[in-house]
Amino acid sequence: MFVTRFAPSPTGYLHRGHAFSALAAHQAARVAGGRFLLRIEDIDATRCRPAFEAAICEDLAWLDLRWETPVRRQSEHMADYQSALTRLEADGLLYRCFRTRKEIAQAMTSAPHGAVEAFRSAPLPAREEARRLAAGEPFAWRLSLDAARQRLGGWQGLTFSDSGQTFTANPEPGGDIVLARKDVGVAYHLAVVVDDALQGITHVIRGADLAEATHVQRLLQALLDLPTPTYQHHPLLLDAEGHRLAKRTGAESLRALRERGMSAAELKGELGFD
Ligand code: GLU
């Protein structure tokens, strides 16, 4: 059974780019006679707002999309992400990172190879770590690429399909990524991978801005023995100046389009859907 999802973060209003992703996934599910799920990715309580979640549902209903209920809201499932984290830790794949943002920024400017080098901080010596823990210093959990490489014997088994082509994941450019943030307790990549598996997602259809994320998500699937969905990253919509649409650069929201009288049919036509 074909199962896909639209997984927005309620950190702002949806714009045309989101509408395109949601319509593409919805249409693919319809054509395949499969299921379309909505997932609210709200683990970051510092940025997500219930009002934006309500607005997402309103906008998708306006586009005449139908999704299954109950909707999975990530903030209600922190225990699932925690158990994945506990497993990775028990397997010796994580280490604590006490660096502050400022320290990381400094390390990045001074590192000879830039970001990758900086995000490959090794675990601290045991005594130093114990001292910092005893002092109550906050820390993030990072995935050790060295430990992961050793465990898997290299990356060559990490294949995935994106838009019909087969790729082998290369998680190296991301460095030792954070899997549990100091402030939030879990990071995006881990939550997505756990949820895609728990919800039985067979097809991930999303914007090309997330194509890079697939490499590390594929690695996490291998480390957690989770299935790998088929991926399809669609090109991003651009504004008149050729910049990708983004909340933070003020892309016109769907509700603004609606308020100035655009109909859902007009928008769908413009985006190439019927
Ligand atoms: N929540 C992510 C976002 O809004 C999308 C995650 C995904 O589709 O994998 O950018």
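The values are calculated or read from the model by the stated rules, or taken from the named source; none is laboratory data. Because the structure is a prediction, the values reported are computed rather than measured. Here Cβ is always computed from backbone atoms with ideal geometry, including for glycine, and neighbour counts include all displayed protein chains. Each accessible area value is taken on the protein alone, full model and side chains, heavy atoms only, with ligands, DNA and RNA left out. Shrake-Rupley method; radii C 1.70, N 1.55, O 1.52, S 1.80 Å.
Some notes on this structure:
- Of the residues making up region 1-35, those that are within 16 Å of ASP64 (Cα to Cα), open to solvent by less than 20 Å² (accessible area, probe 1.4 Å) and within 11 Å of the ligand (Cβ to nearest atom) are ARG5, PHE6, LEU14, SER21, ALA22, ALA25.
- Filtered residues of region 239-255 (kept if among the hydroxyl-bearing types (Ser, Thr, Tyr) and under 20 Å from GLU58 (Cα atoms)): SER253
- Lone unmet requirement of (1) more than 30 Å from ALA79 (Cβ to Cβ); (2) in a loop (DSSP other than H, G, I, E, B); (3) open to solvent by less than 50 Å² (accessible area, probe 1.4 Å) for ARG255: (2)
- Answer from LEU65, LEU38, LEU60 - the residue that is open to solvent by less than 20 Å² (accessible area, probe 1.4 Å) and more than 15 Å from the ligand (Cβ to nearest atom): LEU65
- Qualifying residue in region 170-185 (condition: without any contact (Cβ under 8 Å) to a residue 40 or more places away in the chain and open to solvent by 30 Å² or more (accessible area, probe 1.4 Å)): no
- Members of region 161-204 that are away from the ligand (no atom under 16 Å from the Cβ) and either touching a Gly at 6+ places or on another chain (Cβ under 9 Å) or within 15 Å of ARG39 (Cα to Cα) (or both): THR168
- Enumeration of residues in region 209-239 that are open to solvent by 40 Å² or more (accessible area, probe 1.4 Å) and assigned to a helix (DSSP H, G or I): ASP209, LEU210
- Any hit, region 194-211, residues being within 13 Å of the chain's Cα centre (by Cα) and more than 22 Å from GLN74 (Cβ to Cβ): yes
- Scanning region 22-66 for residues that are closer than 16 Å to ARG255 by Cβ and in contact (Cβ under 8 Å) with a residue 60 or more places away in the chain yields a total of 6.
- Some residue of region 103-114 being within 16 Å of the ligand (Cβ to nearest atom), of a type in the set (Asp, Glu) and surrounded by fewer than 18 Cβ atoms within 10 Å (Cβ to Cβ): no
- Test: residue in region 79-98 that is of a type outside the set (Phe, Trp, Tyr), closer than 23 Å to ALA264 by Cα and open to solvent by less than 20 Å² (accessible area, probe 1.4 Å): no
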